[in-house]
Ligand SMILES: *Cc1c(COP(=O)(O)O)cnc(C)c1O
């Protein structure tokens, strides 16, 4: 077995011990705790382009990219200067600013799938608000979500499948009232009959079906175009709304996200992550008609003290301006494609049992022989042991992947050809470690 020398995590381990006194599990978001991989979490000191440096001075090429927002990499010059330019003018006013108009215009002029937008401060908030809008608009209470799709941590959405094909959900977190979970129905992805049954079982009770543009929070579960169009048709037929949660896919699969990818018109689209250029911004958008139901125009209430925060808007504007330049996404995709192809060639040559699923600049390693994975229950939990080994072997070679085998990787504009070449060699070594 290939043996790699472990990096020093001395300072990170000390900081983590201290953090445990302050925060549950030592972290402010659970996956950061490295529970699904080896060792203590790395405390990051700074980032530049594709690289990050931890408290022990270790350098990594980063494929987590803050879980997706950093499509331009770390410390992008234009984004940093835009933020710096705003800082001296004030951090927050709780009154409208021209920056909100600017970011909205930039988005709406280039996105034919929404006509009006509302800025919030996180993806969770965006989805929670979209659900409320769907319920307020349809005057129905039930929502349908899919096993393996993550939509943030609001009560209605922390629900997993119960037993049986068409069941009410069960809460997937303590503290979510059963009565809330009762209003959320969870079905498998890629299963038309399950959806049909839901609409038959609950006629005129379903406010919305919500799906991730491309499910990318529990592996990368790429759906068929036909299935997405089927969801569009069946929701329309039953007077339910279709919500695309594009918190990951928005501005990632292209400026117009998954809606453009499938060429399907959802009723409401939610955004987060990339939209704020690394600052906390979320948004939801829909037709003018639907959005007229939001307060103060309509009776669906939704508000935010720091919504449309000027510093965050400045970052979003700078980032999205770069993304809207000709050829941006083609370059991203081409880079990702050749990286993945080179890896696949190695995997084939070695006969390793691992697949790399990819779309746009997102990729996911699945330790399986299955050529397609479209549902959460097709992922073998045992395979995560292999990911743990790969994850450690990569860290030891200066490559930072997300700390769970269910997480996808992201390639940013800042990843150079040579970064990718270095990474390619490191992954080959890591796979040799896993399989030998
Ligand atoms: C990250 C994510 C969320 C939650 O966004 P936060 O900003 O973490 O609240 C919701 N939906 C999807 C699809 C996400 O990827």
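At-a-glance table
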item: Hull shadow area, averaged, the range 3-144 [alpha-carbon convex hull, nm²]; result: 13.8 nm²
item: Per-selection Kirkwood Rh - the range 264-368 (Cα, Å, 1 d.p.); result: 17.3 Å
item: For peptides 97-103, 262-268, sequence by mean Cβ density within 10 Å, most packed first; result: 262-268, 97-103
item: Estimated distance in nm for a label pair at residue 48 and residue 349, the labels positioned 7 Å out from Cα along Cα-to-Cβ; result: 3.4 nm
item: Counting DSSP beta bridges with both ends in the chain, the antiparallel % (nearest 5); result: 60 percent
item: Equivalent ellipsoid semi-axes - Cα gyration tensor, the chain, angstrom; result: 34, 27, 21
item: The range 85-128-the range 270-341 distance, computed between alpha-carbon centres (Å); result: 8 Å
item: Ranking of 273, 142, 5, 35 by count of other Cβ atoms within 10 Å, fewest first; result: 5, 35, 142, 273
item: Choice from 73, 304, 254 with maximal GNM fluctuation in the chain (Cα, 10 Å cutoff); result: 304
item: Calculated Rg and Dmax of the range 268-314 using C-alpha coordinates, Å; result: 11.9, 32
item: Cα-based convex hull volume of the range 77-323 per residue, rounded to whole Å³; result: 122 Å³
item: Residues 110, 325 arranged by fewest to most Cβ contacts within 10 Å; result: 325, 110
item: Mean residue ellipticity (222 nm) of the chain, computed from DSSP H runs ≥ 4 via -39,500 (n - 2.57), nearest 500; result: -11000 deg cm²/dmol
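No lab work stands behind these numbers, since they all come straight from the coordinates. Note that this is a predicted model, so its numbers are computed, not measured. In this analysis, Cβ positions are derived from the backbone assuming ideal geometry, glycine residues included, and neighbour counts consider all displayed protein chains.
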